[in-house]
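Bear in mind these aren't lab numbers, they're just calculated from the coordinates by the rules spelled out. Fair warning: this is a prediction, and the values are worked out from it, not measured in the lab. Note that we place each Cβ from the backbone using ideal geometry, even for glycine, and neighbour counts take in every protein chain shown.
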Amino acid sequence: MARIIVITSGKGGVGKTTTAAAMAMGLAQRGHRTVVIDFDVGLRNLDLIMGCERRVVYDFVNVINGEANLNQALIRDKRCDSLYVLPASQTRDKEALTQEGVGKVLEDLGKGYDYIVCDSPAGIEHGATMAMYFADDAVVVTNPEVSSVRDSDRMLGILASKSRRAEQNDEPIKEHLLLTRYSPERVERGEMLSVNDVQEILSLNLLGVIPESQAVLNASNAGIPVVLDNESNAGMAYNDMVSRYLGEDLPMRFLDAERKGIFSRIFGG
Amino acid sequence: MGLLDVFRSNRNKGSASVAKERLQILVAHDRAFRNRPSYLPKLQQEILEVIRKYVEVDLDAVSVNYEQDEDQEFLELNIVLPDAAGRT
């Protein structure tokens, strides 16, 4: 059976899709057969971030409705053989994702894949609850900012109560924290919540800290998951995240502001 | 830390500490609320109905509080009765 990972946050715009793409690509690059599913019916974007938007023929809802089979809908990534994308549909109504239908698709995928990464839509409505219902692991993507931290905490409550594991009294979903858009300079100036602050409030297993980086926008502009950009801090931080998820014990990087020259040191930057 | 930062840090503590404080309070409150049993609102409603059979009280006269620590749960009921003049 595949391990199901949901990428969630509650709040929108914090980097869920970027993270889902990075996680899926990272796992696939390490040789694991991986499929990444876009649960954001109506507002699909994962295909764009993955750079396969022009190859979408059938989608997740088509498969649930029996209008296409899985092999017709799955798009194989051109950069990595063991990675497949299941896009969301653009137009249909959100209720199209039935619990039964989603469960069936995940079960079928589970036979052929090692990891299933679910890119959740923002909010706590139907699509988001469907994305997390069957999960084994949850990566809660959080920005160091008040509304994002609060929404993440609300998400934790929902993960603990409205999942298959909770309903069947199984071992609860493993929850991980991923802090994104982190700016060490602003943290040093006392303008931004630090990793420790967020950890103190949410007390979750910290999977990674992704620094605020121009590379993320560049990567989505080009349709290349940022995890492939190993020159950038964000790319390296995402790679660390994947390795940590797989059990490697790596120190957190990019938590300190870059040291400046003697001039700006004296006068403050 | 730069030389000028010494003066700067005294002047301005930064907004992050305010954010952290607010969040800690908010999250604690959210969590307490989340762990409440789901029957509480209905319980409150029914108790209010019973009391209103006998005493004319305001709709918000009954408050139900639920607290939980490691090995105990507290259900606290607080009913505010009107002063003597209001009683029938």
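Listed values for the stretch A:198-215 are Karplus-derived 3J(HN,Hα) couplings in whole Hz (6.51 cos²θ - 1.76 cosθ + 1.60, θ = phi - 60°), namely 5, 4, 4, 7, 8, 5, 10, 5, 7, 8, x, 10, 9, x, 4, 7, 4, 4, and x replaces Gly and Pro. Applying 1/(1 + (r/R0)^6) with R0 = 56 Å to the Cβ-Cβ distance of B:Gln72 and A:Val57 gives a FRET efficiency near 0.40. Among the lysines of the protein assembly as shown, pairs that are 8 or more positions apart or on different chains and have alpha carbons within less than 27 Å of each other number 26. Among A:Thr34, A:Thr98, A:Thr17, which one shows the highest mean-square fluctuation when chain A is modelled as a Gaussian network with alpha-carbon springs under 10 Å? Among A:Thr34, A:Thr98, A:Thr17, the largest mean-square fluctuation in the Gaussian network model of chain A belongs to A:Thr98. Here the Gaussian network model covers chain A, with springs between Cα atoms less than 10 Å apart; of A:Gly110, A:Gly157, A:Gly123, A:Gly157 fluctuates the most. Each residue of the stretch A:119-124 was assigned a 3J(HN,Hα) from its phi angle through the Karplus curve 6.51 cos²θ - 1.76 cosθ + 1.60 (θ = phi - 60°); the sequence is 8, 7, x, 5, x, 10 Hz, with glycine and proline shown as x. In the stretch A:68-147, Rg over Rh equals 0.98, where Rg is the alpha-carbon radius of gyration and Rh the Kirkwood radius from pairwise Cα distances.
In plain terms, the chain from A:Glu171 to A:Ser183 could stretch by 0.8 nm, reckoned as 0.36 nm per residue minus the Cα-Cα distance. So who's got an amide H within less than 5 Å of the one on B:Gln68, skipping anything under 5 residues away but keeping other chains? H placed 1.01 Å off N, in plane. For B:Gln68, the qualifying residues are B:Phe74.
Our coupling estimate for the stretch A:140-155, obtained by passing each phi through the Karplus curve with A = 6.51, B = -1.76, C = 1.60 and θ = phi - 60°, is 8, 7, 9, 8, x, 8, 4, 5, 5, 5, 4, 5, 4, 5, 5, 4 Hz, Gly and Pro reported as x. Ordering A:His176, B:Val50, A:Leu255 by Cα displacement along the dipole of the protein assembly as shown toward the positive end leaves A:Leu255 in first place; charges were set at the Cβ atoms of Lys, Arg (+1) and Asp, Glu (-1). If R0 equals 56 Å, the separation of the Cβ atoms of B:Asp83 and A:Asp93 corresponds to a calculated FRET efficiency of about 0.50.
Magnitude of the Cβ-charge dipole of the stretch A:65-120, K/R +1 and D/E -1, about the Cα centre, nearest 20 debye?
Rounded to the nearest 20 debye, it is 200 debye.
The orientation-averaged shadow of the Cα convex hull for the stretch A:112-234, equal to a quarter of the hull surface, comes to 9.2 nm². On the beta carbon distance between A:Leu43 and B:Lys42, with R0 = 35 Å, the FRET formula returns roughly 0.40. For B:Glu49 and B:Asn65, the difference between the fully extended length at 0.36 nm per residue and the C-alpha to C-alpha distance is 4.0 nm.
Place a +1 charge on the Cβ of each Lys and Arg in chain A and a -1 charge on the Cβ of each Asp and Glu, then give the dipole magnitude about the Cα centre in debye, rounded to the nearest 20. Provide the component values of the computation, followed by the final result.
On the way: 29 positive and 38 negative charges, 85 e Å.
Using only the charged Cβ atoms, the result is roughly 400 debye.
Estimated from helices alone, the mean residue ellipticity of chain A at 222 nm is -11500 deg cm²/dmol (sum of -39500 (n - 2.57) over DSSP H runs with n ≥ 4, per residue). Projection of the Cα convex hull of chain A, averaged over all directions and equal to a quarter of that hull's surface, yields 14.4 nm². Put simply, the amide H of A:Cys118, placed in the peptide plane, has neighbours under 5 Å in A:Ile5, A:Val6, A:Ile7, A:Ile37, leaving out anything fewer than 5 places away on its chain.
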